[in-house]
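Take a look at the structure below.
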């Protein structure tokens, strides 16, 4: 193949920019200490020549693809999407790129996602394991470091998650301290680990305080499900805990349609602290989940494993309560 027909190489870039190929490599890998004018000459040469890095050759030379595989749910909600952005940001800062695919939680779908990522020689995997079956499908993989996120703090040292029990307790304690004694709960999607933890913690809270168990209202994370649940809230209920913010927003709309005041008659609280929660009417009391911290910790732990560094105990990410106008004292 003639020189004119082949793709430009790093040496071609170096010759065009008047620098060594080591300098080109340092610019490509964003090493510090390169003079701005030198960096600009190299970038201009890359642009003029249309140079593209040969990642396959680089992987053979270094034994690394510098790619972190990410498996996320097929239907992305606020938590998975926010976590993904944090993972991508942290990976890029460390010189890695994320390769993302989606899967449902059945074994066939997870198997296809794993085959896709492992077949591209990723250096590590982040798996958004919202359903227990996902853990079972991935547990047998030993080829690369794997970290689970969004597990509700299950799976020990292989998981980074917000403490769901702590978050649920924060909002229920808040409502109890306001004098509420008649509670109902709108659940998240049945079968998902975090939804189950919030529901179980709610039930335990009622038992510990000797409170009545009213029907639990089934939800699916959507505002529409929250609206339908709001239409079914039992008479005399003064506190409604929804497993996420969109359902809480939908429930508030339904309660107001029924002629009930929020929070005068019924206090409503959500979970997640989505950006819109501060701007609803009334502003939504909710539990803030730090998905950015989840993503940053996940990448940091994977990089430590990739570099064969010791990894200490993985602590849960602490949530915190955001009190707004949708909760108030229980009516007399």
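Taking label points 7 Å from Cα along the Cα-to-Cβ direction, residue 231 and residue 108 give a separation of 3.5 nm.
To test your reading of the geometry: what angle, between 0 and 90 degrees and rounded to tens, separates the Cα axis of helix 223-232 from the longest principal axis of the chain? Value to nearest ten degrees: 10. Using the Cβ-Cβ distance between residue 133 and residue 281 with R0 = 41 Å, the FRET efficiency computed as 1/(1 + (r/R0)^6) comes to roughly 0.55.
Highest mean first, the peptides 196-203, 183-190 sorted by other C-beta atoms within 10 Å per residue fall in the order 183-190, 196-203.
7 Å from Cα along Cα→Cβ at both residue 22 and residue 315: what's the point-to-point distance in nm? According to this spin-label approximation, the distance is 4.2 nm.
Here r is the Cβ-Cβ distance between residue 49 and residue 99 and R0 is 30 Å; the resulting FRET efficiency, rounded to 0.05, is 0.70. Mean sequence separation of contacting Cα pairs (under 8 Å, at least six apart), scaled by the length of the chain, corresponds to a relative contact order of 16 percent. D for the range 10-53, whole µm²/s, Stokes-Einstein with Kirkwood Rh over alpha-carbon pairs at 25 °C and 0.890 mPa s: what number? So the translational diffusion coefficient is about 246 µm²/s. On the basis of the beta-carbon distance and an R0 of 51 Å, residue 206 and residue 15 show a calculated FRET efficiency of 0.10. When the Cα gyration tensor is reduced to axis lengths a ≥ b ≥ c, the ratio a/c stays below 1.5 for the range 164-289, which is therefore classed as rounded. Kindly identify the range 150-210 as rounded, prolate or oblate by the Cα gyration tensor criterion: order the square roots of the eigenvalues as a ≥ b ≥ c, call it rounded if a/c is under 1.5, otherwise compare a/b with b/c, prolate if a/b is larger, else oblate. Judged from the Cα gyration tensor, the range 150-210 comes out prolate (a/c at least 1.5, a/b above b/c).
The DSSP beta bridges internal to the chain are antiparallel in roughly 10% of cases. Expressed as a whole percent, the proportion of Cα-Cα pairs in the range 104-150 lying more than 18 Å apart is 18%. At full extension, residue 37 and residue 307 could sit 93.9 nm farther apart than now, given 0.36 nm per residue minus the alpha carbon distance.
Values [x] -0.34, -0.43; [y] -0.49, -0.59; [z] -0.38, -0.48 are given for comparison; log10 I(q)/I(0) by the Debye sum over Cα atoms at q = 0.08, 0.09 Å⁻¹, derived from the coordinates here, is the one labelled [y]. Quick one: check the C-alpha center-to-center distance for the range 103-128 versus the range 144-217, whole angstrom. That distance is 28 Å.
Read-outs throughout are calculated quantities, based only on the coordinates presented, and are distinct from any laboratory measurement. Since the model is a prediction, treat every value here as computed from it, not as a measurement. Cβ: placed from backbone, ideal geometry, glycine included. Neighbour counts: every protein chain shown.
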